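The values are calculated or read from the model by the stated rules, or taken from the named source; none is laboratory data. Predicted, not measured: the structure shown is a model, and the values here were computed from it. Reconstructed Cβ throughout: ideal geometry from the backbone, glycine too, with neighbour counts over all protein chains shown. Ligands, DNA and RNA are excluded from the accessible area calculation, which covers all protein heavy atoms including side chains. Shrake-Rupley method; radii C 1.70, N 1.55, O 1.52, S 1.80 Å.
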Amino acid sequence: ALPQKVGDKIARLIGAAPGEVVATDSTSVNLFKVLSAALTIAAQDAPSRKVVLSERSNFPTDLYIAEALCKERGYTLRLMDNDGSQPQVLAELASDVAVLMLTHVNYRTGAMHNMAAITAAAHAAGALTVWDLAHSAGAVPVELNGSEADFAVGCGYKYLNGGPGAPAFVWA
């Protein structure tokens, strides 16, 4: 039960409820799992949507995982060249976007997305959201339930101070 107990402690820091977060695997493995789930849901709900939208400045490993899943499932990974501004992200949410995959806080620039506003816009456009919290959990306020996000992953070894080898977490 330790993965759930630790997950409940992380949940308090990321705006999630007890029982919604589990400490497990690595951020990359968890991203693979949630992006796979999001693509499966999108394929069932809106099979004509075939784009995963992200930022060119997203964490490279996140993009490698998205690229591989897109190739495997017949999706296109569309990357925005953007300055981290919300208007740019919103302008890119077209009718072909199945999943919007963003890092809450950009690891290079420190720019932080407005999770609630972007998630609401993605949902209004018919897309699911996947958020990477590796650079925000434990450092800045996060409100997953309040933002009505769909999926999130993060790590325990950065701002949660878990140290090397600490497990990551997943929220869905």
Worksheet item: Within the chain, what is the number of lysine pairs with alpha carbons under 20 Å apart, leaving out pairs fewer than eight places apart on the same chain?
Response: 5
Worksheet item: In sequence order, what are the phi-derived ³J(HN,Hα) couplings for region 63-69 according to the Karplus relation 6.51 cos²θ - 1.76 cosθ + 1.60 with θ = phi - 60°, rounded to whole Hz, with x for glycine and proline?
Response: 5, 4, 5, 5, 4, 5, 5
Worksheet item: Which distance in nm do the two modelled labels at residue 71 and residue 145 give, with both placed 7 Å along the Cα-to-Cβ direction?
Response: 4.0
Worksheet item: Using a 1.4 Å probe, how large is the accessible area of residue 50, given in Å² and rounded to the nearest 10?
Response: 80
Fill in: Derived scalar couplings ³J(HN,Hα) [region 147-154; Karplus, 6.51 cos²θ - 1.76 cosθ + 1.60; whole Hz; x for Gly, Pro]
8, 6, 5, 9, 9, 8, 9, x
Practice prompt. Just grab the label-to-label distance for residue 123 and residue 109, each label 7 Å out from Cα along the Cβ direction, in nm (one decimal).
Written response: 2.6
Discussion item. If you roll a 1.4 angstrom probe over the protein chains with everything in place, what fraction of the accessible area of the chain belongs to carbon and sulfur, to the nearest %?
Written reply: 56
Worksheet item: Measuring from a point 7 Å past the Cα of residue 45 along Cα-to-C-beta, which residues in region 144-162 have an amide N at less than 16 Å?
Response: 145, 147-152
Worksheet item: Residues of the chain: accessible area per residue at 1.4 Å, in Å²?
Response: 46
Worksheet item: Whose amide H sits under 5 Å from the amide H of residue 80, counting only residues 5 or more places off or on another chain, with H placed in the peptide plane?
Response: 54, 55, 56
Worksheet item: For the chain, what proportion of DSSP beta bridges, expressed in % and rounded to the nearest 5, is antiparallel?
Response: 35
Worksheet item: Considering only protein heavy atoms, what is the solvent-accessible area of residue 72 at a probe of 1.4 Å, reported in Å² to the nearest 10?
Response: 130
Worksheet, complete the sentence: Along region 25-30, Karplus-curve 3J(HN,Hα) (6.51, -1.76, 1.60; θ = phi - 60°) to the nearest Hz, with x for Gly and Pro, reads 6, 10, 4, 5, 4, 5
